[in-house]
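First comes the structure, then the notes that go with it.
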Amino acid sequence: MRGVYAVRSNDQFASIFGALDDLLDHIPATSGHLLIPEANMLHFLRAIRFVRTDVRGTFVRKTYDSTASFSVRRACIDCWRHWPDRSNFTRLRNQWQNLGADEQRMLWLAAGAFGDEGQKTRDQLRGSLAQAWRLGIETDSSSSFAACYEDWVKHVV
């Protein structure tokens, strides 16, 4: 999958993107057993995030809902960020208090892909960050992890 990702992310190979995307869409139905190891699933999610199709949208939603892995859940959120899938973003935003800190951070990052709605989400949730993302080693609020992460996200493309 890493090779597929490398080809799919290189515009030199744009002529085969359609065929490659068709093959990727068939993997969950025909070779789902290959996605059982978490590392394989993470590579697959990274490879499919370039373009949303109905097959991919359904697969990512089912994967997010059925996995206990925080890494896989973050990768699903990253797919929704790249697509940008507003309905799943809104669903997770409404579940903010039930998300783990890692998922909250990925959702915070993903908010940047949703324009005004994402900015309003960040404005609404900003007050809860210092406590929700507290590491327990902070000496003051200006050096908190939440403040550092929020500053870092401002510079992410």
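Do we find a residue being over 21 Å from the mean Cα position of the chain (by Cα) and over 22 Å from Pro84 (Cα atoms) anywhere in the stretch 1-12? Checking the stretch 1-12: at least one residue is over 21 Å from the mean Cα position of the chain (by Cα) and over 22 Å from Pro84 (Cα atoms). Does Glu103 satisfy the criteria of being within 28 Å of Phe50 (Cα to Cα) and in contact with a helix residue (DSSP H, G or I) (Cβ under 9 Å, 6 or more places away or on another chain)? Here the answer is yes, as Glu103 does meet what is asked. List pairs: first residue in the stretch 85-97 and under 17 Å from Val51 (Cα atoms), second residue open to solvent by 40 Å² or more (accessible area, probe 1.4 Å) and assigned to a helix (DSSP H, G or I) anywhere in the structure, Cβ distance under 7 angstrom, at least six positions apart or on different chains. Here the result reads Asn88/Arg61, each pair linking the stretch 85-97 to a residue that is open to solvent by 40 Å² or more (accessible area, probe 1.4 Å) and assigned to a helix (DSSP H, G or I).
Taking the stretch 36-126 and the helices (runs of 4 or more DSSP H) fully enclosed by it, the elements with 1 or more residues that are open to solvent by 30 Å² or more (accessible area, probe 1.4 Å) and within 27 Å of Val7 (Cα to Cα) are at 38-48, 54-66, 70-82, 101-110.
Which count do you get for residues in the stretch 127-154 that are in a helix (DSSP H, G or I) and open to solvent by 50 Å² or more (accessible area, probe 1.4 Å)?
11
For beta carbons closer than 9 Å, sequence separation of 6+ or different chains, a first residue in the stretch 106-118 that is closer than 10 Å to Arg86 by Cα and of a type outside the set (Asp, Glu) and a second that is open to solvent by less than 50 Å² (accessible area, probe 1.4 Å) and not in a helix (DSSP H, G or I), the qualifying pairs are Ala113/Trp83.
Screening the candidates Ser144, Ser71 for the property of being under 15 Å from the mean Cα position of the chain (by Cα) and polar (S, T, N, Q) yields one hit, Ser71.
If the condition is being exposed (fewer than 13 other Cβ atoms within 10 Å of the Cβ) and touching a residue at least 40 places away in the same chain (Cβ under 8 Å), then the stretch 1-35 contributes Arg2, Ser9.
The values are calculated or read from the model by the stated rules, or taken from the named source; none is laboratory data. What you are looking at is a predicted structure, and each value in this text was computed from that prediction instead of being measured. For neighbour counting, all protein chains shown are included, and Cβ atoms are generated from backbone atoms with ideal geometry for every residue, glycine included. Note: areas computed on protein heavy atoms with side chains; ligands, DNA, RNA excluded. Shrake-Rupley method; radii C 1.70, N 1.55, O 1.52, S 1.80 Å.
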